[in-house]
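I have placed the structure first, in the form of structure tokens, so that the comments after it can refer back to it.
The values are calculated or read from the model by the stated rules, or taken from the named source; none is laboratory data. Predicted, not measured: the structure shown is a model, and the values here were computed from it. In this analysis, Cβ positions are derived from the backbone assuming ideal geometry, glycine residues included, and neighbour counts consider all displayed protein chains.
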Amino acid sequence: MAKFDFSNRDSFGTKIGVIAAAAGSAVGLGNIWRFPYVAGENGGAAFLIIYVLSIIAIGMPVMLSEFAIGRMAQRNAFGAFRKLAPRRPWYLIGVMGILGAFMILSFYSTVAGWTLEYLSDSITNSFAGKSAQELTQSFQTFQSSGWHPVIWQVIFMILTAGIVVSGVEKGIEKYAKVLMPILLVLIFAMVIRSVTLPGSSEGLAFLFAPDFSKLNASVILQALGQAFFSLSIGMGVLITYGSYINKKDNIGNSAAAISLTDTLIAIFAGIAIFPAVFAFNIDPKAGPELVFITLPNIFNQMPAGYFFSILFFLLLVIAALTSSISVLEVVVAFLTEQLNWHRRKATVIAATVITITGIICTMSQGPWDNIRLFGLNVFEILDWTSANLLLPLGGFFIVIFAGWFLNKNQIKEELTNNGTTRAMLLGAYVFIIRFVAPIVIALIFLFGLGVFG
Ligand code: TRP
């Protein structure tokens, strides 16, 4: 079999392009859909504190390690470990990542399909005049129809595949750079509307006044899982993107900027959602539908809500796309570089398989909801296990690899671009990836799963 020509790899054009693409991967449904619903189920403010601590103490170091591994190796998530650790089992991290990509994109495309439906509903102005109960009802009717959300999901997967086929650098980084700031501004407008609703203070207290009695090992595990999910770490997305980063960029600064943007957008989404949740008497524990039954109420109460709702859901679709392409890219980079498949063939086959598993997820939120394991349907199992098991496990092995397998000089060279720039806090970073992150992840993991009950 012919070998892939590695001298001819893709790469990102500019430093700002890298940040835009990686931030585009990080900022997505994880921030606006998943963060509020998981925070809502896990008590709000106490969850938020653990979430932010996880980002700073564990998430950013894992992100930086992924960038360093990818850029050092100039390979996809599987090939990177094969190259840096030949004849060692570390490549299994890459295998896990590829498996994770299938799992994550399956349910991610379900939710992305919902955003397309809501975009189309906004355009036809179908939220107008509906009460909070009616809006909840129409979401449930939509979901339980089965075929209706499946159509949107297929459309979303076609869009994702369409972008990945043409290579990442030509379209997505350009759009992401312009559109992400607009999304931030729009969320900010919704924040203002939401916090000025009568009865909003209860929602703010829910998000910001911690009740530590709500903390337990499972809440902490889910906060860690959410941090991993939101930053796109733990499954090789950022190893893959790191391999496209220019050797002159300062990856430490990039990781900090991306993490900060991502966290801000999640917190803003929380401030937009929770006051409205309480003002409209919605249950904060409503689960994956939370955002979809809350947001239309805010638009109904906003001046020019029609216009804002279209713009918002459009940007949400785009945010979902810049994330889903990064997940698909992990698989496609693997297939093209390791198996020397043509990019088109790799994209079509991977996207088709994911669409099929994705349809099962979508149906499991509707007609197939009665097929359950441990009380969870297929969608919920994939959502829960990928964020809370697969990603932390991947992150654990990634920091062990960077901290203990690679030697300190290799890491230092990579972070300082061979000594040409300064890497601030290098000592702290190495200490974290060697000791703090692995120990903390392992403890949270074992307690959260009830191993130490
Ligand atoms: N971080 C993205 C979001 O918040 C989703 C995502 C993209 C992701 N790539 C990932 C999650 C890799 C986990 C791993 O929407």
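Free of Cβ contacts under 8 Å to residues at least 60 places away in the same chain, in a helix (DSSP H, G or I) and more than 14 Å from the ligand (Cβ to nearest atom) - does that describe any residue in the stretch 96-118? Yes, there is a match, as at least one residue in the stretch 96-118 is free of Cβ contacts under 8 Å to residues at least 60 places away in the same chain, in a helix (DSSP H, G or I) and more than 14 Å from the ligand (Cβ to nearest atom). Figure legend. Inter-residue proximity from the stretch 236-260: first residues within 16 Å of T421 (Cα to Cα) and touching a residue at least 12 places away in the same chain (Cβ under 8 Å), second residues buried (at least 18 other Cβ atoms within 10 Å of the Cβ) and among the hydroxyl-bearing types (S, T, Y), beta-carbon distance below 9 Å, spacing 6+ or different chains. Indicated pairs: I245/S254; G252/Y429.
The criterion of being β-branched (V, I, T), away from the ligand (no atom under 16 Å from the Cβ) and surrounded by fewer than 20 Cβ atoms within 10 Å (Cβ to Cβ) holds for I371.
Residue pairs whose Cβ atoms lie under 6 Å apart, separated by 6 or more positions or on different chains, with the first residue in the stretch 386-404 and over 11 Å from I233 (Cα atoms) and of a type in the set (S, T, Y) and the second at pLDDT 95 or above and crowded, with 24+ Cβ neighbours inside 10 Å, are S386/G100; S386/I104. Screening S232 against (1) surrounded by fewer than 22 Cβ atoms within 10 Å (Cβ to Cβ); (2) within 16 Å of the ligand (Cβ to nearest atom); (3) among the hydroxyl-bearing types (S, T, Y) leaves a single unmet condition, (1).
Selection of first residues in the stretch 210-233 that are over 30 Å from S326 (Cβ atoms) and of second residues that are charged (D, E, K, R) and within 14 Å of the ligand (Cβ to nearest atom), restricted to Cβ pairs under 6 Å at least 6 apart or on distinct chains, gives an empty result.
So which of V291, V332, V353 is surrounded by fewer than 22 Cβ atoms within 10 Å (Cβ to Cβ), of a type outside the set (G, A, S), out of contact with any Asp or Glu (no Cβ under 7 Å at 6 or more places or on another chain) and touching a residue at least 40 places away in the same chain (Cβ under 8 Å)? Talk me through it step by step, then tell me what you get.
Values: V291 fails: surrounded by fewer than 22 Cβ atoms within 10 Å (Cβ to Cβ); V332 fails: surrounded by fewer than 22 Cβ atoms within 10 Å (Cβ to Cβ).
V353 is the lone residue from the list that is surrounded by fewer than 22 Cβ atoms within 10 Å (Cβ to Cβ), of a type outside the set (G, A, S), out of contact with any Asp or Glu (no Cβ under 7 Å at 6 or more places or on another chain) and touching a residue at least 40 places away in the same chain (Cβ under 8 Å).
Set side by side, the residues F397, F401 differ, and just one is within 16 Å of the ligand (Cβ to nearest atom) and assigned to a helix (DSSP H, G or I), which is F397. Among residues that are touching a Phe, Trp or Tyr at 6+ places or on another chain (Cβ under 6 Å), in contact (Cβ under 8 Å) with a residue 24 or more places away in the chain and not acidic (D, E), A45 is included. Scanning the stretch 38-54 for residues that are surrounded by fewer than 24 Cβ atoms within 10 Å (Cβ to Cβ) and within 14 Å of the ligand (Cβ to nearest atom) yields nothing.
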